[in-house]
Amino acid sequence: MILSEHQPTSNSLSFFLAIQRGYLRSHSKMVKAVAVLSSSEGVKGTILFSQEGDAPTTVNGNVSGLKPGLHGFHVHALGDTTNGCMSTGPHYNPAGKEHGAPEDEVRHAGDLGNITVGEDGTTTFTITDKQIPLTGPQSIIGRAVVVHADPDDLGKGGHELSTTTGNAGGRVACGIIGLQG
């Protein structure tokens, strides 16, 4: 087969597609979401989510009214707060895996580890995670984010709840994740 100068070769086509994908990825739309935390225990906070294209989601949070130390922080399956944080369901887990640390291969998508609270009862944190997209079939929009009373043992504590909840204790604050304009 003879190619004319105007017919793309597989190499030039591959190069063109690579350029196009890079262009589209670099010009992908930024999606933002927010969850306003509320609690009957005086915990308040705002959690901001942002994701550009298919990049990991960035979570920025400010929370006050917590006891000092580590607190489990998770995306839960349901955006239902009709019975407070108890009606948010289990950790978001579309792949049906056991509980784990954010860096573990085996983990719930909603397992975001712990947030660290200072002596003044406040925390400001940033988390970047690839398993909590804001778009697509496994989007976390409409689900809930929950702060727990105790540290998450990341599935490694040996407690009967370690592989399901990280033995992170009660739910002290939650908010529904909604799109932000």
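Quick one: what pairs do we get from the range 142-171, first residue among the basic types (Lys, Arg), second modelled with pLDDT under 95 and surrounded by 22 or more Cβ atoms within 10 Å (Cβ to Cβ), C-beta under 9 Å, 6+ apart or different chains?
Lys156/Gly166
I'd like the full set of residues that are of a type in the set (A, V, I, L, M, F, W, C) and either assigned to a loop (DSSP other than H, G, I, E, B) or touching a Cys at 6+ places or on another chain (Cβ under 9 Å) (or both), limited to the range 27-85.
Within the range 27-85, Ala35, Leu37, Val43, Ala55, Leu66, Ala77, Leu78, Cys85 qualify.
Write out, first by first residue and then by second, each pair whose Cβ atoms fall under 6 Å of each other, whose residues are 6+ apart or on separate chains, and whose first residue, in the range 45-57, is at positive phi while the second is surrounded by fewer than 22 Cβ atoms within 10 Å (Cβ to Cβ) and not polar (S, T, N, Q).
Sorted first by the residue in the range 45-57, then by its partner, the pairs are Gly53/Arg25.
Of the residues that sit in the range 30-44 and are under 13 Å from Leu179 (Cβ atoms) and touching a residue at least 60 places away in the same chain (Cβ under 8 Å), which one is surrounded by the fewest Cβ atoms within 10 Å (Cβ to Cβ)?
Across the range 30-44, the extreme among qualifying residues is Lys32.
Just for the range 97-119: of the residues that are assigned to a loop (DSSP other than H, G, I, E, B) and crowded, with 23+ Cβ neighbours inside 10 Å, which one is farthest from the chain's Cα centre (by Cα)?
Among them, the one singled out is His99.
Of the residues in the range 76-99, how many are of a type outside the set (Gly, Ala, Ser), modelled with pLDDT of 95 or more and in contact with a Ser or Thr (Cβ under 9 Å, 6 or more places away or on another chain)?
Qualifying residue count, the range 76-99: 8.
Hey, does the range 171-178 have a residue that's surrounded by fewer than 19 Cβ atoms within 10 Å (Cβ to Cβ), at pLDDT 95 or above and of a type outside the set (Val, Ile, Thr)?
Yes, because at least one residue in the range 171-178 is surrounded by fewer than 19 Cβ atoms within 10 Å (Cβ to Cβ), at pLDDT 95 or above and of a type outside the set (Val, Ile, Thr).
Of the residues that make up the range 122-132, is at least one aromatic (Phe, Trp, Tyr), surrounded by 14 or more Cβ atoms within 10 Å (Cβ to Cβ) and assigned to a strand (DSSP E or B)?
The answer is yes; a qualifying residue exists.
The values are calculated or read from the model by the stated rules, or taken from the named source; none is laboratory data. These numbers come from a predicted model, not from an experiment. Here the Cβ is made from the backbone with ideal geometry for all residues, glycine too, and neighbour counts use every protein chain on show.
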